[in-house]
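Before I ask anything, here is the structure I am working with.
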Amino acid sequence: MKINRKIQTLDEFTIQQMRDFTNATGELAGLLRDIGLAAKRVHVEVNKAGLVDILGDAGTMNVQGEEVKKLDIFANNQFMGVLRHGISCAGIGSEEMDDVEIFNDEISNKSKYVCLFDPLDGSSNIDVNVSIGTIFSIFRRVSELGKPATEEDFLQQGSKQVAAGYVIYGSSTMLVYATKRGVNGFTLDQSIGEFTLSHPDITCPDSGKIYSVNHGNFFQYDEKIQNYITTCQKKTKDNGGPYTQRYIGSMVADVHRNLIKGGIFMYPGTLDKPNGKLRLLYECNPFAYIMEMAGGLATNGTMRILDIQPTEVHQRTPLFIGSKRMMEELNNTK
Ligand code: AHM
Ligand code: MG
């Protein structure tokens with residue numbers, strides 16, 4: 001029988017990578033498999049969202065004072081469930097939970113890793129059939145193995161991430177993850193129910209023509225950002241333009257597109273919210289890590305996102321992320 005060796009599943013890929021490291025225990029591969037499993041369950045639910053009573057608000061507010069949608073809760077429970085029952089994770093932090101959840105059982109206490117999640121990002125888009133996503137960040141614990149994980153394990157600089165990734169529930173469902181060995185994308189093949197390698201070695205083009213920002217907030221941004229946006233609008237074919245403005249309002253979809261095509265995504269601070277909206281630990285850090293591994297850059301306007309020392313799990317930060325040359329032009333704007 002002829003076997004198509006070109007198809008490589010997420011599990012095969014992570015195990016293959018592990019074989020190249022003699023010290024690898026397989027825990028990270030296990031963790032990514034667990035995340036992939038939860039993502040498939042969320043994919044199924046997202047795809048039948050209109051058919052069952054899972055659309056709409058759950059009627060509670062999350063810790064950030066935002067409305068929690070039912071699918072948010074479902075997704076949170078799926079990721080929490082697979083990781084709690086798996087053997088590779090000592091605890092998780094999530095946008096949907098006030099505090100980090102330390103698993104604290106005999107197996108979990110021996111696990112090397114902790115994870116942070118935005119289980120369902122772009123939730124305002126759920127009800128209107130627009131792409132949404134899951135974002136995750138993985139750290140090696142700094143606390144003693146054999147004992148319960150601590151909050152310190154979660155409050156590490158983004159540069160210490162061991163892996164980071166996202167799942168996009170879009171026209172197809174894709175899981176993209178980065179380690180220091182690169183960025184790879186896997187598309188869910190629904191006929192076999194497996195994520196299969198479709199985008200090996202993703203690199204972000206050095207320059208692009210897309211800028212993504214919420215224009216509705218334009219007069220809330222500081223002068224430098226307004227000037228950069230105006231620069232984007234004035235681009236012509238003589239200086240790398242014209243640019244196009246694309247903003248879905250689902251960070252996963254916006255940054256995924258810019259990562260593949262080249263572009264810049266901005267969520268600046270505003271007069272009302274100087275730290276912007278996006279959360280450092282489970283939105284900005286993972287994307288900053290992925291973008292840097294793909295050759296791009298990510299800052300908060302003054303410093304590299306990955307160098308920020310977190311002080312609390314749900315802290316926010318302005319975010320500027322994308323193609324290297326576009327980020328440099330933003331940094332050089334007065
Ligand atoms: P969420 O985690 O509550 O879904 O919010 C995060 C989302 C991002 O995906 C997106 O980039 C941003 O909020 C859009 O915000 P805005 O509508 O203010 O432009
Ligand atoms: Mg979010």
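The values are calculated or read from the model by the stated rules, or taken from the named source; none is laboratory data. All values derive from a computational prediction rather than experimental measurement. A quick note on method: Cβ atoms are made from the backbone with ideal geometry, for glycine too, and the neighbour counts reach across all protein chains shown. These accessible areas exclude ligands, DNA and RNA; they are computed on the full protein's heavy atoms, side chains included. Shrake-Rupley method; radii C 1.70, N 1.55, O 1.52, S 1.80 Å.
Which pairs do you get when a residue that is closer than 16 Å to Phe265 by Cβ, found in segment 209-228, comes within reach of a residue that is β-branched (Val, Ile, Thr), reach meaning Cβ atoms under 6 angstrom, with the pair 6+ apart or on two chains?
Pairs that qualify, where the first residue is closer than 16 Å to Phe265 by Cβ and the partner is β-branched (Val, Ile, Thr), are Lys209/Thr244; Ile210/Thr244; Tyr211/Ile264; Asn217/Thr270; Tyr228/Thr333.
Restricting attention to segment 245-279, which residues are within 9 Å of ligand 1 (Cβ to nearest atom) and either among the acidic types (Asp, Glu) or under 13 Å from the mean Cα position of the chain (by Cα) (or both)?
Ser250, Met251, Val252, Ala253, Asp254, Val255, Leu278, Arg279
Do you know which of the residues in segment 88-122 that are near ligand 1 (Cβ under 10 Å from one of its atoms) and within 14 Å of the chain's Cα centre (by Cα) is farthest from Asp34 (Cα to Cα)?
Step one: filter segment 88-122 for residues near ligand 1 (Cβ under 10 Å from one of its atoms), giving 95-96, 118-122.
Still in the list and also within 14 Å of the chain's Cα centre (by Cα): 95, 118-122.
Values: Glu95: 19, Asp118: 16, Pro119: 14, Leu120: 16, Asp121: 19, Gly122: 22 Å.
Applying the filter and picking the extreme gives Gly122.
Then there's this: Inspect all residues belonging to segment 258-265 and state whether any of them is open to solvent by 10 Å² or more (accessible area, probe 1.4 Å), part of a helix (DSSP H, G or I), at pLDDT 95 or above and touching a Gly at 6+ places or on another chain (Cβ under 7 Å).
Of all residues in segment 258-265, those open to solvent by 10 Å² or more (accessible area, probe 1.4 Å) come to 260-261.
Filter once more, keeping what is part of a helix (DSSP H, G or I): 260-261.
Filter once more, so that each one left must be at pLDDT 95 or above: 260-261.
If we keep only those that are touching a Gly at 6+ places or on another chain (Cβ under 7 Å) as well, we get 261.
Yes - at least one qualifying residue is present in segment 258-265.
From Ser137, Ser159, Ser171, Ser143, grab the single residue that is open to solvent by 10 Å² or more (accessible area, probe 1.4 Å), under 17 Å from the mean Cα position of the chain (by Cα) and not hydrophobic (A, V, I, L, M, F, W, C).
On the way: Ser137 fails: open to solvent by 10 Å² or more (accessible area, probe 1.4 Å); Ser171 fails: under 17 Å from the mean Cα position of the chain (by Cα); Ser143 fails: under 17 Å from the mean Cα position of the chain (by Cα).
When all the criteria are applied, what remains is Ser159.
Residues checked against (1) under 19 Å from His215 (Cα atoms); (2) in contact (Cβ under 8 Å) with a residue 60 or more places away in the chain; (3) aliphatic (A, V, I, L, M); (4) in a strand (DSSP E or B):
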| residue | (1), (2), (3), (4) |
| --- | --- |
| Thr231 | yes, yes, no, no |
| Tyr247 | yes, no, no, no |
| Ala253 | yes, yes, yes, no |
| Gly276 | yes, no, no, no |
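Mind telling me which of the residues Thr187, Thr236, Thr244, Thr231 ends up being in contact with a strand residue (DSSP E or B) (Cβ under 6 Å, 6 or more places away or on another chain) and in the same structural domain as Phe320 (by TED's automatic domain parsing)?
Just one listed residue meets the conditions, Thr244.
In segment 41-58, which residue that is at pLDDT 70 or above and open to solvent by 50 Å² or more (accessible area, probe 1.4 Å) is farthest from Ser191 (Cα to Cα)? First the steps, then the outcome.
Here is the first cut: in segment 41-58, the residues at pLDDT 70 or above are 41-48.
From the residues that got through so far, the ones that are open to solvent by 50 Å² or more (accessible area, probe 1.4 Å) too are 41, 44, 47-48.
Details: Arg41: 15, Val44: 13, Asn47: 15, Lys48: 17 Å.
Here the residue is Lys48.
Right, another one. Based on this model, can you work out whether Arg304 counts as under 22 Å from Asp118 (Cβ atoms) and open to solvent by 10 Å² or more (accessible area, probe 1.4 Å)? Quick ask: steps written out before the conclusion?
Numbers: under 22 Å from Asp118 (Cβ atoms): yes; open to solvent by 10 Å² or more (accessible area, probe 1.4 Å): yes.
Judged against the criteria, Arg304 is a match.
So, one more: Based on this model, can you work out whether Thr196 counts as at pLDDT 95 or above and open to solvent by less than 40 Å² (accessible area, probe 1.4 Å)?
Details: at pLDDT 95 or above: yes; open to solvent by less than 40 Å² (accessible area, probe 1.4 Å): yes.
Judged against the criteria, Thr196 is a match.
On the basis of being modelled with pLDDT under 85, within 21 Å of Glu312 (Cα to Cα) and of a type in the set (A, V, I, L, M), does Met61 make the cut? Don't jump to the end; show me each part of the working.
Working: modelled with pLDDT under 85: yes; within 21 Å of Glu312 (Cα to Cα): yes; of a type in the set (A, V, I, L, M): yes.
In short, yes.
May I ask you to list the residues in segment 219-244 that are within 25 Å of the chain's Cα centre (by Cα) and surrounded by fewer than 16 Cβ atoms within 10 Å (Cβ to Cβ)?
Thr244
Considering each residue of segment 199-226, count those that are part of a loop (DSSP other than H, G, I, E, B) and away from ligand 2 (no atom under 16 Å from the Cβ), and give that number. Give the steps one after another, and end with the answer.
Residues of segment 199-226 that are part of a loop (DSSP other than H, G, I, E, B), as a first pass: 200-209, 213-214, 221-222.
Right, trim to away from ligand 2 (no atom under 16 Å from the Cβ) and you get 200-209, 213, 221-222.
Here the count works out to 13.
Quickly run through segment 122-134 and pick out the residues that are surrounded by fewer than 24 Cβ atoms within 10 Å (Cβ to Cβ) and more than 9 Å from ligand 2 (Cβ to nearest atom). Spell out the reasoning first.
The initial filter retains those residues of segment 122-134 that are surrounded by fewer than 24 Cβ atoms within 10 Å (Cβ to Cβ), namely 122-131.
Matches in segment 122-134: Ser124, Asn125, Ile126, Asp127, Val128, Asn129, Val130, Ser131.
Now for a separate question. Of everything in segment 96-121, what is within 15 Å of ligand 2 (Cβ to nearest atom) and open to solvent by less than 10 Å² (accessible area, probe 1.4 Å)? Give them in sequence order. Give the steps one after another, and end with the answer.
Filtering segment 96-121 down to residues within 15 Å of ligand 2 (Cβ to nearest atom) leaves 96-97, 116-121.
Scanning segment 96-121 gives Leu116, Phe117, Asp118, Pro119, Leu120.
Quick check on segment 282-295. Is at least one of its residues over 22 Å from Asp121 (Cβ atoms) and either open to solvent by less than 10 Å² (accessible area, probe 1.4 Å) or under 16 Å from the mean Cα position of the chain (by Cα) (or both)? Can you show your working first?
Within segment 282-295, the first condition is being over 22 Å from Asp121 (Cβ atoms), and the residues that meet it are 295.
Now narrow it down to the ones that are either open to solvent by less than 10 Å² (accessible area, probe 1.4 Å) or under 16 Å from the mean Cα position of the chain (by Cα) (or both): none.
Checked against the condition, which is being over 22 Å from Asp121 (Cβ atoms) and either open to solvent by less than 10 Å² (accessible area, probe 1.4 Å) or under 16 Å from the mean Cα position of the chain (by Cα) (or both), segment 282-295 yields no hits at all.
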